Structure formats: structure tokens, C-alpha cells
Amino acid sequence: MYPYATRTLGNEIEFLSIVLESGDFVVFEGDEKKVNMPMPRAIASVHTHPGVCLFSHKDIETADSLFIKGYVVIAVMNNQCVSIFLREGVYTEEDRNVLKDLREKVKKSKTMNDLISAYKGLSFPNFLKFYSFQLI
């Protein structure tokens, strides 16, 4: 997805890659600052962002529905960093509640500092994990 992430930084068109249950993957081109489509049954998805590689409140809402569908990995990236939600077991109500709380905090964020604060100390009680790291 790195070449697509680089393209997104240049023109703000987002791309979405989905790893299907068969192991095949597909890449879709979205629109400026968004990619929206009905999501198939699959195991993983990653989409590109033109700026910060943290999940928006809409991304978190989508992550919730994808975990319910059985996805294991949901990620967002640009060409410098990636953030990942990883499900290491069943999607529990407790983990879902933490994800919903994060969504509300992110939705209320007005500044970059607010957004970063929403993610600080994020911890799920059961099987969800959150990772964010630099690629370069």
C-alpha cells in the first residue's frame, strides 16, 4: 500500500485494500479525503490517509462493524506511519465499548492535540489491541 499512500499525500485521493478470506486482496480507489463502499466479508483492511495516520471517528465506526463481520486487522496509513486495530480473539462487548468511547472522543476533538489525547493510554480489556508506529 506504500505507493498508494504516497499518491494519497499528493492528491488526497484515498485507497482501500481488503484481504479476502481466500487470501486474495483487492485495492479500491476512493475520493478526495474518503473512501466509501460496502465492505465484503474479509479478514483485513487498510486505507490511506492524506495526513495523520490515526483513525477518524467514521473510521472507528467502520472498524466496529468490520470486527462484527469477522475482520482481524483494520489499519490506516500514510507513507510515514501506520495505525492498526488488531483483534486477537473474539470481539467482546467490553472491547466494543472502549472502541465506542474512543469514537466519541475523536469526534469531539477540535485540535490535533485533542486527537492525540484521545488515543493516549488507549487500552482494551480483552482481545483488541491498538498499535501506531512510524514506517520511516
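Checked against (1) more than 10 Å from the chain's Cα centre (by Cα); (2) surrounded by fewer than 18 Cβ atoms within 10 Å (Cβ to Cβ), residue 1 meets all criteria but (2). Somewhere in region 108-115, is a residue farther than 21 Å from residue 8 by Cβ, touching a Phe, Trp or Tyr at 6+ places or on another chain (Cβ under 9 Å) and open to solvent by 80 Å² or more (accessible area, probe 1.4 Å)? Looking through region 108-115, none of the residues is farther than 21 Å from residue 8 by Cβ, touching a Phe, Trp or Tyr at 6+ places or on another chain (Cβ under 9 Å) and open to solvent by 80 Å² or more (accessible area, probe 1.4 Å). Inspect region 127-134 for any residue being modelled with pLDDT of 95 or more, open to solvent by less than 50 Å² (accessible area, probe 1.4 Å), in a helix (DSSP H, G or I) and over 21 Å from residue 2 (Cβ atoms) and give the result as yes or no. Within region 127-134 (the criterion being modelled with pLDDT of 95 or more, open to solvent by less than 50 Å² (accessible area, probe 1.4 Å), in a helix (DSSP H, G or I) and over 21 Å from residue 2 (Cβ atoms)), the answer is no, since none of the residues qualifies. Once region 11-26 is narrowed to residues that are among the small types (Gly, Ala, Ser) and open to solvent by less than 70 Å² (accessible area, probe 1.4 Å), the residue that is farthest from residue 52 (Cα to Cα) is 23. State whether the residues of region 37-44 include one that is touching a helix residue (DSSP H, G or I) at 6+ places or on another chain (Cβ under 7 Å), under 24 Å from residue 13 (Cα atoms), open to solvent by less than 70 Å² (accessible area, probe 1.4 Å) and not in a helix (DSSP H, G or I). Within region 37-44 (the criterion being touching a helix residue (DSSP H, G or I) at 6+ places or on another chain (Cβ under 7 Å), under 24 Å from residue 13 (Cα atoms), open to solvent by less than 70 Å² (accessible area, probe 1.4 Å) and not in a helix (DSSP H, G or I)), the answer is yes, since at least one residue qualifies.
The residue that is nearest to residue 89 (Cα to Cα), counting only those in region 45-58 that are open to solvent by less than 80 Å² (accessible area, probe 1.4 Å) and not hydrophobic (A, V, I, L, M, F, W, C), is 45. Every listed requirement among (1) surrounded by fewer than 18 Cβ atoms within 10 Å (Cβ to Cβ); (2) at pLDDT 95 or above; (3) part of a helix (DSSP H, G or I) is met by residue 89 save one, (3).
Scanning region 1-32 for residues that are of a type in the set (D, E, K, R) and over 11 Å from residue 47 (Cα atoms) returns 7, 12, 21, 24, 31, 32.
Determine if region 70-83 includes at least one residue that is among the hydrophobic types (A, V, I, L, M, F, W, C), farther than 16 Å from residue 128 by Cα and part of a helix (DSSP H, G or I). Within region 70-83, none of the residues are among the hydrophobic types (A, V, I, L, M, F, W, C), farther than 16 Å from residue 128 by Cα and part of a helix (DSSP H, G or I).
Just one of the listed residues (29, 61, 94) is open to solvent by 60 Å² or more (accessible area, probe 1.4 Å), modelled with pLDDT under 95 and either more than 19 Å from residue 4 (Cα to Cα) or outside any helix (DSSP H, G or I) (or both), namely 29. Kindly check whether there is at least one residue in region 72-84 that is free of Cβ contacts under 8 Å to residues at least 12 places away in the same chain and out of contact with any Gly (no Cβ under 6 Å at 6 or more places or on another chain). No, the conditions are met nowhere in region 72-84.
The values are calculated or read from the model by the stated rules, or taken from the named source; none is laboratory data. As the structure is a computational prediction, the values presented were derived from the model and not from experiment. Because the Cβ atoms are built from the backbone with ideal geometry, glycine has one as well, and the counts that use them run over all protein chains shown. The area values use the complete protein model at the heavy-atom level, side chains included, leaving out ligands, DNA and RNA. Shrake-Rupley method; radii C 1.70, N 1.55, O 1.52, S 1.80 Å.
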